[in-house]
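Below is one structure, written out as structure tokens; the observations come after it.
The values are calculated or read from the model by the stated rules, or taken from the named source; none is laboratory data. Being a predicted model, the structure only gives us computed values, none of them experimental. Here the Cβ positions follow ideal geometry from the backbone for every residue, glycine too, while neighbour counts run over all protein chains shown. Areas reflect the complete protein model, heavy atoms only, side chains present, ligands, DNA and RNA absent. Shrake-Rupley method; radii C 1.70, N 1.55, O 1.52, S 1.80 Å.
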Amino acid sequence: LGLLYQEYRDKSTRQEIETRRLQDSQTDPEESSPSEETPSEAEPSSTTENKAPPQISLLRNSNSRFNLWQDLPEIRSSGVLSILQPDEIKLQEAMFELVTSEASYYKSLNLLVSHFMENERLKKILHQSEAHILFSNVLDVMAVSERFLLDLEQRVEENIVISDVCDIVYQHTVNHFSVYITYVSNQTYQERAYKQLLQDKPAFREVISQLELDPKCKGLSFSSFLILPFQRITRLKLLVQNILKKVEEKSDRETTALDAHKELETVVKACNEGVRKMSRTEQMISIQKKLEFKIKSVPIISHSRWLLKQGELQQMNGPKTSRTLRTKKLFREIYLFLFNDLLVICRQIPGDKYQVFDSAPRGLLRVEELEDQGQSLANVFILRLLENADDREASYMLKASSQSEMKRWMISLAPNRRTKFVSFTSRLVDCPQIQCVHPYVAQQPDELSLELADVLNILDKTDDGWIFGERLHDQERGWFPSSMGEEILNPKIRAQNLKECFRVHKSDDSQRRKLGSRNRQ
């Protein structure tokens, strides 16, 4: 059977990783062959029939493998490969991958609907409201994907050399892709409903397990089908970026690629905001209930406020803190809630409550690391509140549990503080880079979730295995374990990655100014 999208995406990103490894080991990035530079699946080719009226041949042929454009029998027999320049062949591969991956994605969506959503046993178990939360507007998403795929395939069948696909991406993003925002915004409710159903309804759990065992699913879980739309809209943006990197500069195809990318970026950001909005609101309500103010009360809940970091630190006791430690009792626990615009300093009290004894606007915080102070003062830093709850300056000497925890607090408290490595807004500085070889799901608000093949600039790192990075394709920043990636050692590849990044965002001057600024999640 043809590849399901989950398989396609995994194979594609792993091929991308191997390609970058190959390039990194070479002196000249251009030494690798066109097929190696394309993150597509080089599967055994099968005959693709030419049909008179445009039809979804990739969709209708269930035995179709998604091979390289240059491996198609029609392309090989046409002689066009001997005429086209290598750069144009790479561009054809990038456009062809967008089409074939959409066919694979539609195949997986169709399986989600026909195999799970429309299963008669499942329908009897689920209330209508439960089914609506679980599957949301997936039928709308599938209809949009089918219409999109029809237009893409019609373009492919017009000529063996694909003229463009980004104009089609642009039109569909503007006119139809809002269905993705609706689906993805429901994700928090969807995950909660799914966990609740597994827990409360043994019959649901049994049917889902049986359906997952069907050979059609190829060992993939039900939840992997539910998250397909979010994965696809994000991946689609990266596929357009890949095309943009390969089109001729100042050409019509560059213009359409830039337009398509800009619209996709708008949709992806709206999806992310939709996901965050509900979870943030619930989190703020929960925190508000736990706080008791010893000082003048500060309203915590605000539509523009969210949590960046929380946790326990050790504070050195005494009104005039000395750097000379005589006993371990000089430290006592305090608890910090850091929001995007406010810091609240507390002490934990019985009943899972926190008594607030100081606060300050985040913009009025300064941090300073204590260096070479001996083991007793390891991982200690100074936190200064330029204007605290009493409208005066205050200082706290704080000790973290590890070097990484200290650095994470310092960067979160003062985001504009200079990091160890210069950000990539400077073209003159060769910033260390890393590519993700293991996916990572963020566990804390200051961490960054990683997808396979993500490329990031390393802004800071710790001796205990953490990296503070900035992802090139969307400028999101955060911490992640160093074991999740491999450093890119070839300076030419790093320079090439930066050049491509600037090109992708050059259409939006304001975006360029923001490339190195902190994206406060």
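Side notes on the structure shown:
- Heavy-atom accessible surface of region 65-286: percent carbon and sulfur, 1.4 Å: 52 percent
- When L330, L413 are compared by accessible surface with a 1.4 Å probe, the order from highest to lowest is L330, L413.
- The packing ranking, built from the mean of other Cβ atoms within 10 Å per residue, places the peptides 77-83, 120-126 in the order 120-126, 77-83, highest first.
- Here K289 is the anchor, and the aspartates and glutamates within straight C-alpha reach of less than 17 Å, apart from those fewer than 8 places off in the same chain, are D352.
- Solvent exposure, largest accessible area first (probe 1.4 Å, DNA, RNA and ligands not counted), of L226, L150, L84, L213: L213, L150, L84, L226
- Listed residues N497, H473, Q443: farthest to the positive end of the dipole of region 425-512 (Cβ charges): N497
- Relative packing of peptides 94-102, 380-388 - highest average C-beta neighbours within 10 Å first: 94-102, 380-388
- Taking all protein chains as they are arranged and a probe of 1.4 Å, the heavy atoms of S304 leave approximately 60 Å² accessible to solvent.
- Computed from point charges on the beta carbon alone (+1 for Lys and Arg, -1 for Asp and Glu), the dipole magnitude for region 294-413 about its Cα centre is near 320 Debye.
- Percent RCO, i.e. relative contact order, over region 294-413, from Cα pairs under 8 Å lying at least 6 residues apart: 23 percent
- For region 339-402, size of Cβ-based charge dipole, Lys and Arg +1, Asp and Glu -1, in debye: 220 debye
- In the full protein context, region 89-238 carries 42 Å² of accessible surface per residue, based on a 1.4 Å probe and ignoring ligands, DNA and RNA.
- Highest average packing first - 12-24, 440-452, 257-269, Cβ atoms within 10 Å: 257-269, 12-24, 440-452
- D200 accessible area, assembled protein chains, probe 1.4 Å, Å²: 90 Å²
- Alpha carbon centroid spacing (whole Å) that separates region 286-310 from region 239-273: 39 Å
- If only the Cβ of Lys and Arg carry +1 and only the Cβ of Asp and Glu carry -1, the dipole of region 65-286 around its Cα centre is close to 1020 debye.
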